[in-house]
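One structure is given here, and the rest of the page talks about it.
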Amino acid sequence: MDRNVGVFDSGVGGLAVLAHLHRIAPGLPTIYVADRRHLPYGEKSEQFVAGRAHTLTKNLINQGSAVVTMACNTASAAALESLRAGFPETRFVGMEPAIKPAVLASTAGVIGVLATQGTLGGRLMVRLEDALGADVRIVRQVGHGLASAVEFGAENEEQTIASLAEHVNALRMEGADTLVLGCSHYSFLHDSITELTGGDVTIIDPSEAVARQIARMASEVGIGTEDAMGTHRYLTTADPAAVATRIAALTGVETTVELVSW
Ligand code: DGL
């Protein structure tokens, strides 16, 4: 079995990272898992999400993944440390709210972080604030319902845009001039946020930087990229046909999706 890069998320949010990865390193074999049966992670307990992260990782390793990426802020906040301890042979890439680049970008010194309850309520956020919050004010906003809207294809519906506007305005009212997308699903709301703010807010989306980090790590551990086009598998824990439709809509990739009972 080919060694590969495993990438997982609660659903289709991590596809933004994956699309960058395929562009940067098209020869890299990848397996993407959408854990749609257990979405939304952001409203589940830390213990539950960490359990899912361990189960998905174990199965990805059995499928040859030597680098495992959590393209999910909520899962990274809940499980990154315990995964590194539990699977010492495997290299991990996680996602966290990109506050550092936001500090550099903000002129007002106020940064808005839009993320799930799980990410904003966890220890990771406290650590980030301790490390980076001395010179700026960090304002948190839970993106209620936004991940599910993206997951199920409602990202452009009136109700979603209204709710997004409410969330973004709450952060602007606090003076935020820089907005960190702290949930991978929100990458697919980037254009709507730009439209809503008339370009007045700097949006920080870490997807491409995370993809570059994965490509670097894959090359460090010698995962093959010699083929012009690596094998790109897509798995889901629920609704393979619906997930295939979303993959096509969000990334333009026409693919079959395998159902797994992980
Ligand atoms: N995409 C995930 C993240 O980055 C969470 C979405 C969910 O709540 O399932 O946090």
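The values are calculated or read from the model by the stated rules, or taken from the named source; none is laboratory data. Keep in mind that this is a model prediction, so the values were computed, not measured. Note that we place each Cβ from the backbone using ideal geometry, even for glycine, and neighbour counts take in every protein chain shown.
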Among residues belonging to the range 193-213 that are small (Gly, Ala, Ser) and in a loop (DSSP other than H, G, I, E, B), point out the one that is modelled with the highest pLDDT.
Gly198
If you check Val113, Val103, which single one turns out to be more than 28 Å from Ser219 (Cβ to Cβ), part of a helix (DSSP H, G or I) and not charged (D, E, K, R)?
Val103
Every residue in the range 173-192 that is within 11 Å of the ligand (Cβ to nearest atom), within 13 Å of Ile99 (Cα to Cα) and not in a loop (DSSP other than H, G, I, E, B), please.
Leu181
Using beta carbons and a limit of 8 Å, which pairs, at least six apart or on different chains, have the first residue in the range 87-106 and over 28 Å from Asp135 (Cβ atoms) and the second one away from the ligand (no atom under 16 Å from the Cβ) and part of a strand (DSSP E or B)?
Thr90/Ser65; Thr90/Ala66; Thr90/Val67; Arg91/Ala66; Arg91/Val67; Phe92/Val67
Only one of Leu179, Leu164 is under 21 Å from the mean Cα position of the chain (by Cα), aliphatic (A, V, I, L, M) and closer than 22 Å to Arg36 by Cβ. Can you tell me which?
Leu164
Filter the range 146-163 for residues that are crowded, with 16+ Cβ neighbours inside 10 Å, more than 9 Å from the ligand (Cβ to nearest atom) and assigned to a helix (DSSP H, G or I) and give the result.
Ala149, Thr160, Ile161, Ser163
By my count, strands (runs of 3 or more DSSP E) wholly in the range 1-79 with at least 1 residues that are among the charged types (D, E, K, R) and within 9 Å of the ligand (Cβ to nearest atom) are 4-9
Scan of the range 80-103 for residues that are within 14 Å of the ligand (Cβ to nearest atom) and farther than 21 Å from Gly145 by Cβ, ordered by number
Leu80, Val93, Gly94, Glu96, Ala98
Return the total of residues in the range 218-241 being under 16 Å from Val12 (Cβ atoms) and either in contact (Cβ under 8 Å) with a residue 60 or more places away in the chain or buried (at least 21 other Cβ atoms within 10 Å of the Cβ) (or both).
8
Those residues of the range 207-217 which are touching a residue at least 40 places away in the same chain (Cβ under 8 Å) and either under 10 Å from Thr69 (Cβ atoms) or of a type outside the set (A, V, I, L, M) (or both), in sequence order
Ser207, Glu208, Val210, Ala211, Arg212, Gln213, Ile214, Met217
